[in-house]
Amino acid sequence: MRRSRKLFYSALSILRYLGLIFTLSTFWHGNLSAEPLTLPQVLSLLEVYNPSIANAKARQELAQAALVTSRAYPNPELEIGGGSSTGIGAGALNGSNQQVFMSQPLDLPFVREARSKVAEAGIISADEANRHVWLTVRSQVRLAFYEILRRQAELQISKDNEELLTQIRDKIKLKVEVGEAPRYEQVKSEAELLNALKLRESAETQVDDAKSALHMMFGTALPHQYETVGELPAPLVSLPTLENLRQEVLDKQPVLQQFRAEVQMAQAKVKFQQNLRYPQPTLKAGAERDPGLEQWRVNIVIPLPLWNQRQGPIGEAAAELKQAEALANQQEYLVIRELENAYNRYRIANRQVETFDAGLLKEAETVLKVAEAAYRLGERGILDYLDAQRTYRTVRNDYLNARFDRQAAQIILDRLRATDLENLKS
């Protein structure tokens, strides 16, 4: 009985200890999840958790392994045999025989060099592809993060709008009750408040959707419930001319360098297949021992390209070269088109932001205050007041969208110009 009690209390103590650990771990994880995430913190997760970057790194390792393979020499072959010999004719001997031969395929220097160039071009292509993926994913994360900030700002505008309309509704309701305003003004204010409530709920859903888009890029690295905090960075001090940007992108954009490396690799493959038309000899040396006879031999085996002169592989390599050149040209057109689009979007959004900063936003706020004062004094009706409030909300949303549109265009320009490559870990 005593032993059973001791076991019971020991088990109870262990359960309490485990419960305490679980509680502390839950509390600790909850604190971590509750901490607002900044953009640098999110970007620091890329190297470890993003599958696209992991795939690009694996491609680099594959290209390095292909280079090792291209520089490897062919293995020799050892041939060992034996049997019995039966003499034929007078004086012939009977007995066992043995053979030992070593064969070494000869790797022609020009074939070896062409094969290595294919692998070297593959390494360049994989390196540039890694840079392209890194830039692309980094820009996608920045866009997703700022999209969350954008939706959160829109949500705050919706909440402010709902709060303001609630105050307006309450004031009108009081005026209707004391007989200072007609009933239709209360109905109108109630309708505007319901619309504001719908806009606020829609804004909350858009915040959740934006967070889900960022969460998808990292999986379990981000908690399901998290908050973000941050501000938009300063815009470009001066926007270079489109011609200068076009030349910069053509010189530095990794995806263009990747496709150019693909063309070089295709050219090397054509040369490699052409060089393989020359017979690859094999050196063979060995010894044979028969009863009463021992022989040493050195042979060279040369395949004769009579039926197969590699017309098919050479034709395939030539077609792949044409395809690589066409894809490189097409990619150049796409990149330049994307550059022009981002450039125009940046200019338009920047012009809009400057217009708002020059006084449009302040004017809309002033008009709202004037309309509110006029309504209180009975100089204007509720429709004028609500219209001014609606205009102010629209101007705030347009100003917010212009700022974030400018930032989105700047992120695309940064990616095309490869301005973040100095942050890439080798």
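Bear in mind that the values in this text are calculations on the coordinates, not laboratory data. Keep in mind that this is a model prediction, so the values were computed, not measured. Using ideal geometry, Cβ is built from the backbone for each residue, glycine included, and neighbour counts are taken over all protein chains shown.
A few points about this structure:
- With R₀ fixed at 25 Å, the C-beta to C-beta distance from residue 204 to residue 363 puts the FRET efficiency at about 0.25.
- Among 331-337, 379-385, sorting by the average number of other beta carbon atoms lying within 10 angstrom of each residue, highest first, gives 379-385, 331-337.
- Taking a ≥ b ≥ c as the square roots of the eigenvalues of the alpha carbon gyration tensor, the chain is oblate, as a/c is not under 1.5 and a/b does not beat b/c.
- Highest to lowest packing among 255-262, 367-374, scored as the average C-beta count within 10 Å: 255-262, 367-374
- Residue-span extension gain [residue 113 to residue 65] - 0.36 nm each, minus C-alpha spacing: 15.6 nm
- All lysines inside 27 Å of residue 369 as judged from Cα atoms, apart from same-chain residues fewer than 8 positions distant: 159, 171, 173, 175, 188, 198
- Taken as Cα centroids, segment 63-95 and segment 260-304 sit 15 Å apart, rounded to the nearest whole angstrom.
- Pairwise FRET efficiency - residue 136 versus residue 300, Cβ, R0 = 45 Å, nearest 0.05: 0.25
- Overall form of segment 117-250 per C-alpha gyration tensor (a/c, 1.5; a/b vs b/c): prolate
- Label positions at residue 307 and residue 238, each projected 7 Å from the Cα along the C-beta direction, are separated by 7.3 nm.
- Proximal lysines relative to residue 322, as straight alpha-carbon distance under 27 Å, when same-chain residues fewer than 8 apart are discounted: 117, 252, 269, 271
- Seen against the Cα atoms of the chain and their longest principal axis, helix 311-355 is set at about 20 degrees.
- Residues 212, 103 arranged by fewest to most Cβ contacts within 10 Å: 212, 103
- Between the listed residues 130, 65, 95, the Cα displaced farthest toward the positive end of the dipole of segment 39-137, a dipole computed from Cβ unit charges relative to the Cα centre, is found at 130.
- The 3J(HN,Hα) values that the Karplus relation (6.51, -1.76, 1.60; θ = phi - 60°) gives for segment 207-214 are, in residue order, 4, 4, 5, 5, 5, 5, 5, 6 Hz. Gly and Pro appear as x.
- Using Cβ point charges alone (K and R +1, D and E -1), the dipole size of the chain about the Cα centre works out to roughly 1140 debye.
- For 158, 70, 96, the sequence from fewest to most other C-beta atoms within 10 Å is 96, 70, 158.
- Report note on the peptides 296-303, 229-236: ranked by the mean count of other C-beta atoms within 10 Å, highest first, their order is 229-236, 296-303.
- Helix 254-275 vs. the chain, principal-axis angle (Cα, 0 to 90°, nearest 10): 20 degrees
- Evaluated at q = 0.13, 0.14 Å⁻¹, a Debye calculation over the C-alpha positions of segment 55-117 (equal weights, vacuum) places log10 I(q)/I(0) at -0.62, -0.65.
- For the chain, the longest principal axis of the Cα atoms and the long axis of helix 109-177 meet at an angle of about 10 degrees.
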